[in-house]
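Peer 1: Once you've had a glance at the structure underneath, I'll fire off some questions.
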Amino acid sequence: MSLRVISIIDGTTVDGPGFRTAIYFAGCRHQCPGCHNPQSWDFEAGQSMAVEDIMNRIESNGMNVSFSGGDPLYQADKLLPLCKAIKSSGKNIWLYTGFLFEQIAAMPEFSALLEYIDVIVDGPFVEHLRDTSLLFRGSSNQRLVDVRRSLSGDIVEWQPDF
């Protein structure tokens, strides 16, 4: 099984806390005006990578992982085996998506991932709400959702411990 990957960045600090491996997936239908990564909208961008090859990269650097793009959820069925492998290796996962947490939880093709994702940065980027002072997100409508604590019904925002 393979995924369309635009790039993998080792040691980034902008896509979640600490040094992380950020994986940028191809494809996005949200096409938010002002998107900082419009080249990721193309579903054929980047290269096809096997889950095993992505895991080798993750394991070689030992860092937690962030999924971005594009919108990784457009490859949700293929993302599930990667999430399982990452979690079994003891790492945490952040997911950036233009979908809202409530939409993800309501869609079976997406909700299966919730068992493995620690934090979801949800919602589309909204250019007139852009705020460079926000931690790990681009516009004020986006939330840092603590997935485990939000599964019971109410959205609980992730809080930094630094």
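Peer 1: Counting only protein heavy atoms and using a 1.4 Å probe, what share of the accessible area of the chain belongs to carbon plus sulfur, as a whole percent?
Peer 2: 50 percent
Peer 1: Could I ask something else about it? Non-local amide H neighbours of Asp71 (under 5 Å, H modeled in plane, Pro and chain starts lacking H): which ones?
Peer 2: Under 5 Å from the amide H of Asp71: Gly27, Cys28.
Peer 1: Each residue of the stretch 143-151 in order: what ³J(HN,Hα) in whole Hz does its phi give by Karplus 6.51 cos²θ - 1.76 cosθ + 1.60, θ = phi - 60°, with x for Gly and Pro?
Peer 2: 10, 9, 8, 6, 4, 4, 6, 9, 5
Peer 1: While we're looking at this one, here's another question. Quick one: dipole size for the stretch 87-143, taken about the Cα centre, charges +1 on Lys/Arg Cβ and -1 on Asp/Glu Cβ, in debye to the nearest 20. Don't skip to the answer; put the middle values down first.
Peer 2: Numbers: 5 positive and 7 negative charges, 41 e Å.
Dipole size: approximately 200 debye.
Peer 1: List the residues of the stretch 11-50 whose backbone N lies under 20 Å from a point placed 7 Å from the Cα of Glu59 along the Cα-to-Cβ direction.
Peer 2: Those under the cut-off are 11, 20-23, 49-50.
Peer 1: While we're here: Please give the Cα centre distance for the stretch 108-132 versus the stretch 11-63, rounded to the nearest Å.
Peer 2: 14 Å
Peer 1: Amide H of Ser7: which non-local residues (sequence gap of 5 or more, or other chain) have their own amide H closer than 5 Å, using H built in the peptide plane?
Peer 2: Tyr24
Peer 1: Which part of the stretch 112-133 falls in the paramagnetic zone of Ile155, meaning amide N under 14 Å from the point 7 Å along Cα-to-beta-carbon?
Peer 2: Flagged as within label range: 120-126.
Peer 1: Then there is this: If you plug each phi of the stretch 114-128 into the Karplus form 6.51 cos²θ - 1.76 cosθ + 1.60 with θ = phi - 60°, what whole-Hz ³J(HN,Hα) values come out, in order, with x for Gly and Pro?
Peer 2: 4, 5, 10, 8, 8, 9, 10, 8, 10, x, x, 6, 10, 4, 6
Peer 1: Still on this structure: Averaging over all projection directions, find the projected area of the Cα convex hull of the stretch 1-104 and quote it in nm² with one decimal place. Don't jump to the answer; show the numbers that get you there.
Peer 2: Numbers: hull surface 25.3 nm².
Dividing the Cα hull surface by four gives the mean projection, 6.3 nm².
Peer 1: As a test of reading the structure, rank Phe162, Phe25, Phe43 by solvent-accessible area (1.4 Å probe, protein chains only), most first. Kindly include the intermediate steps, with their values, before the conclusion.
Peer 2: On the way: Phe162 155, Phe25 0, Phe43 65 Å².
Order by accessible area, largest first: Phe162, Phe43, Phe25.
Peer 1: When DSSP beta bridges are limited to those with both residues in the chain, what percentage is antiparallel, rounded to the nearest 5? Before the final figure, lay out the partial values.
Peer 2: Values: 16 of 28 bridges.
Counting only bridges with both partners in the chain, antiparallel ones make up about 55 percent.
Peer 1: Mind checking the per residue accessible area of the stretch 49-150 for me, 1.4 Å probe, whole number of Å²?
Peer 2: On the way: 4350 Å² over 102 residues.
Roughly 43 Å² per residue, with all protein chains present.
Peer 1: Something else now. Can you work out ³J(HN,Hα) from phi for every residue in the stretch 17-29, in order, using Karplus 6.51 cos²θ - 1.76 cosθ + 1.60 and θ = phi - 60°, giving whole Hz and x for Gly and Pro?
Peer 2: x, x, 7, 9, 8, 9, 10, 9, 8, 7, x, 7, 9
The values are calculated or read from the model by the stated rules, or taken from the named source; none is laboratory data. All values reported here derive from a predicted model rather than from experimental measurement. Methodologically, a virtual Cβ is constructed for each residue, glycine included, from the backbone with ideal geometry; neighbour enumeration extends over all protein chains shown. The accessibility values were calculated without ligands, DNA or RNA, using every heavy atom of the protein model including side chains. Shrake-Rupley method; radii C 1.70, N 1.55, O 1.52, S 1.80 Å.
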